[in-house]
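Trainee: Below: one structure in structure tokens.
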Amino acid sequence: MTVLQDCINKKLNINCIWLMRQAGRYLPEFREIRSKNQDFVKLCLNENLSSEITVQPLRRFDIDAAIIFSDILLVPFALGQPVKFKKDFGPLLGNIDFNKMLNINEMHFTDKLKPVYNAIKKTRDKEELKNKDLIGFVGGPWTILIYMLNQKSPKNEDIELNLKDKKFIEDLLKVIVRFLKIHINNQIENGATIIQIFDSWAGLLNKKDYDKYIYSPTKDLVNFVKSKKTPVICFPKGINDYKSYVSLVKPDVISIDYDVDPKKISESIDITVQGGLNPNFLIGDKEELKVNVKKYLDIFKDKPYIFNLGHGVLPNTDPGMVDYLVKFVKNYS
């Protein structure tokens, strides 16, 4: 068993930590690779560079897992929707050709994302992964749906969805869930030991729509991951009812964002909890970081807990602050 698996299995007195977006923008060694590889999608599909980027943070920090360097939008890309990343803007997606999408089979989809699965296999065999987990991931069905329909990130809640065409949306959601399962299975088959489901835009939905767009389709994925004897972490960022989510979706681990009260979470949720720290504290001073890290560690001291952030590491983070954070967590008692 790995340290992270022990945390998931509710073994206490283990300080485990990994960070969302731990492989990427804040590391100079990543920026050097990125400067020579301007096309982000092509970089994600470069199995050698993807594997190298994945293990970069493990060489610097005593973290308990690697997370494969990839992107949730490779699924729409493999389904034939154009995807590109514009500097200082984010993802831009093209039009959906749904009839063409319906003709895509599992083999075609898998071939298009073969470099991702090869990267997982290469990474799993690296010395840096000895006795550590390799996390694979997908976007939540709702989050993938919203990107595909909106064709860009709904960061400013300027989302314009035509939810009137319910038949099309239901059909598209079914296609998304089908291929997310294929993507999950391929990652597990090639060496991913944990799967995380990122529902980054769960907070945009009205509560009345949770069941249709979040609870039901995500539970379908969670059950699928569990059928593969693989732990599953869910991160429904911005959702205002974590207790109901856990009760209905039943992940092995619930990852919380930084807008929720960790004390309330610790009192109301009986599965392993992950995350919560605002990543902005990593760009402040060490004393402020220490106080806020200790708050989470104290609250979850007698409960199964994986230290993480309430979102990803910010690009302007000093790697020295990450090092301080990891060492503080590991030495906490």
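The values are calculated or read from the model by the stated rules, or taken from the named source; none is laboratory data. All values derive from a computational prediction rather than experimental measurement. Don't worry about glycine lacking a Cβ; one is built from the backbone with ideal geometry, like all the others, and counts go over all protein chains shown.
Trainee: Go through (1) surrounded by fewer than 23 Cβ atoms within 10 Å (Cβ to Cβ); (2) within 15 Å of the chain's Cα centre (by Cα); (3) without any contact (Cβ under 8 Å) to a residue 60 or more places away in the chain for Phe224 and report which single condition fails.
Mentor: In the conditions (1) surrounded by fewer than 23 Cβ atoms within 10 Å (Cβ to Cβ); (2) within 15 Å of the chain's Cα centre (by Cα); (3) without any contact (Cβ under 8 Å) to a residue 60 or more places away in the chain, Phe224 misses (2) alone.
Trainee: I'm checking my understanding of the structure. Among residues of region 40-77 that are in contact (Cβ under 8 Å) with a residue 24 or more places away in the chain and charged (D, E, K, R), which one is nearest to Ile306 (Cα to Cα)?
Mentor: It comes out as Asp64.
Trainee: Next up: Select from region 84-129 the residues that are more than 20 Å from Ala65 (Cβ to Cβ) and small (Gly, Ala, Ser) and list them in ascending order.
Mentor: Passing the criteria: Gly90, Gly94.
Trainee: Considering only residues of region 226-250 that are part of a helix (DSSP H, G or I), in contact with a Lys or Arg (Cβ under 9 Å, 6 or more places away or on another chain) and aliphatic (A, V, I, L, M), which is farthest from Thr123 (Cα to Cα)?
Mentor: The qualifying residue farthest from Thr123 (Cα to Cα) is Leu248.
Trainee: Do we find that Ile214 is under 17 Å from the mean Cα position of the chain (by Cα), β-branched (Val, Ile, Thr) and either surrounded by fewer than 19 Cβ atoms within 10 Å (Cβ to Cβ) or not in a loop (DSSP other than H, G, I, E, B) (or both) in this structure?
Mentor: Answer is yes for this residue.
Trainee: Moving to a separate point now. Identify all residues within region 283-314 that are farther than 25 Å from Leu27 by Cα, outside any loop (DSSP other than H, G, I, E, B) and hydrophobic (A, V, I, L, M, F, W, C); write none if there are none.
Mentor: Leu297, Ile299
Trainee: Sort out which residues of region 265-304 are of a type in the set (Gly, Ala, Ser) and without any contact (Cβ under 8 Å) to a residue 12 or more places away in the chain, and write them in order of number.
Mentor: Within region 265-304, just Gly284 meets the criteria.
Trainee: Output the residues belonging to region 298-333 that are out of contact with any helix residue (DSSP H, G or I) (no Cβ under 7 Å at 6 or more places or on another chain) and hydrophobic (A, V, I, L, M, F, W, C).
Mentor: Of everything in region 298-333, just one residue is out of contact with any helix residue (DSSP H, G or I) (no Cβ under 7 Å at 6 or more places or on another chain) and hydrophobic (A, V, I, L, M, F, W, C), namely Val326.
Trainee: Please work out if Glu52 is touching a Phe, Trp or Tyr at 6+ places or on another chain (Cβ under 9 Å), among the acidic types (Asp, Glu) and over 21 Å from Ile233 (Cβ atoms).
Mentor: Answer is yes for this residue.
Trainee: Being of a type in the set (Phe, Trp, Tyr) and either surrounded by 19 or more Cβ atoms within 10 Å (Cβ to Cβ) or in contact with a His (Cβ under 9 Å, 6 or more places away or on another chain) (or both) is the filter here; which residues of region 282-328 pass it?
Mentor: Tyr296, Phe300, Tyr305, Phe307
Trainee: Could you list, ordered by first residue, the pairs with Cβ atoms under 8 Å in which the first is in region 104-120 and in contact (Cβ under 8 Å) with a residue 12 or more places away in the chain and the second is surrounded by fewer than 19 Cβ atoms within 10 Å (Cβ to Cβ) and of a type in the set (Ser, Thr, Tyr), at least 6 apart or interchain?
Mentor: Close Cβ pairs (under 8 Å, with a partner that is surrounded by fewer than 19 Cβ atoms within 10 Å (Cβ to Cβ) and of a type in the set (Ser, Thr, Tyr)) amount to Tyr117/Thr110.
Trainee: Then there is this: Please name all residue pairs, on different chains or six or more residues apart, with Cβ atoms under 8 Å, provided the first residue is in region 17-34 and is under 17 Å from Leu49 (Cβ atoms) and touching a residue at least 60 places away in the same chain (Cβ under 8 Å) and the second residue is part of a loop (DSSP other than H, G, I, E, B) and among the small types (Gly, Ala, Ser).
Mentor: Arg21/Gly312; Gly24/Gly312
Trainee: For the subset of region 189-201 comprising residues that are over 16 Å from Met148 (Cβ atoms) and crowded, with 19+ Cβ neighbours inside 10 Å, which member is farthest from the chain's Cα centre (by Cα)?
Mentor: The qualifying residue farthest from the chain's Cα centre (by Cα) is Asn190.
Yes or no, residue by residue, for (1) farther than 18 Å from Leu314 by Cα; (2) within 21 Å of the chain's Cα centre (by Cα):
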residue: Cys7; (1), (2): yes, yes
residue: Asn15; (1), (2): yes, yes
residue: Arg25; (1), (2): no, yes
residue: Asn37; (1), (2): yes, no
residue: Cys44; (1), (2): yes, yes
residue: Ile53; (1), (2): no, yes
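Trainee: Of all residues in region 193-210 being small (Gly, Ala, Ser) and part of a helix (DSSP H, G or I), which is nearest to Ile67 (Cα to Cα)?
Mentor: Ranking the candidates gives Ala202 first.
Trainee: Next question. What helices (runs of 4 or more DSSP H) lie completely within region 1-101 and have 3 or more residues being over 28 Å from Lys126 (Cα atoms), among the aromatic types (Phe, Trp, Tyr) and modelled with pLDDT of 95 or more?
Mentor: Correct list: empty, since no element meets the threshold.
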